[in-house]
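Here's the structure, in structure tokens; my notes come after.
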Amino acid sequence: VPLVAKNRALGTLNLVSRAPSAFVSDQLDAMAPIAEILAVGILAQQLQVSLGKYRTMETMAELTLSISNEINGAVQTIVGQCDLLEHATTDEALLRDLAVVIRQAQRISDLLEKMRRTTQDRLREVAATVSEAGVPSSPEDMVDDSQMI
């Protein structure tokens, strides 16, 4: 008996008997509501797992973005101070050192931006997985979902 929920095949309910041709049409028809209930249960479990992953990823993304912004703010302060020193000196050795600091600060900023993009991309991927599992994304979707059950 197929396990179908939200127009998606989730598996099958296999009925086994030692006797050949043990199941008649009436028995198979009686199993259809049971298969439907099992399919809804499986879908609910998949949804729960997806929601847990999404919530964990969302929390990690918020933390990553917050820390990234804090670090980037500190890096920009360092660059600003280096710019001030650069304009205030003619010492060639100091200017070379300041250029190294500024290049490394820019490297850190680039790495932070890459980390932010990667985090946001991963969050979108997880959100898409949750959406595929049937999580309504708006109140209108919730109405449509309730009509399907």
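The values are calculated or read from the model by the stated rules, or taken from the named source; none is laboratory data. What you are looking at is a predicted structure, and each value in this text was computed from that prediction instead of being measured. So basically every Cβ, Gly included, is an ideal-geometry build from the backbone, and we count neighbours across all protein chains shown. Keep in mind that these areas ignore ligands, DNA and RNA; they rest on the heavy atoms of the full protein, side chains included. Shrake-Rupley method; radii C 1.70, N 1.55, O 1.52, S 1.80 Å.
Quick look at the numbers
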{"item": "Candidates 41, 73, 52 - the one that is of a type in the set (Gly, Ala, Ser), modelled with pLDDT under 90 and more than 21 Å from the chain's Cα centre (by Cα)", "result": "41"}
{"item": "Single residue of 57, 31 found to be among the hydrophobic types (A, V, I, L, M, F, W, C), surrounded by 13 or more Cβ atoms within 10 Å (Cβ to Cβ) and touching a residue at least 60 places away in the same chain (Cβ under 8 Å)", "result": "57"}
{"item": "When residues of region 61-83 are limited to those that are of a type in the set (A, V, I, L, M) and within 12 Å of residue 120 (Cβ to Cβ), the one surrounded by the fewest Cβ atoms within 10 Å (Cβ to Cβ)", "result": "65"}
{"item": "Filtered residue count, region 85-97, keeping only those that are farther than 24 Å from residue 113 by Cβ and in a helix (DSSP H, G or I)", "result": "9"}
{"item": "Residue selected from region 1-26 under the condition among the small types (Gly, Ala, Ser) and closer than 13 Å to residue 39 by Cα, by the criterion surrounded by the fewest Cβ atoms within 10 Å (Cβ to Cβ)", "result": "9"}
{"item": "Any chance residue 119 is in contact with a Leu (Cβ under 8 Å, 6 or more places away or on another chain), open to solvent by less than 50 Å² (accessible area, probe 1.4 Å) and of a type in the set (Val, Ile, Thr)", "result": "yes"}
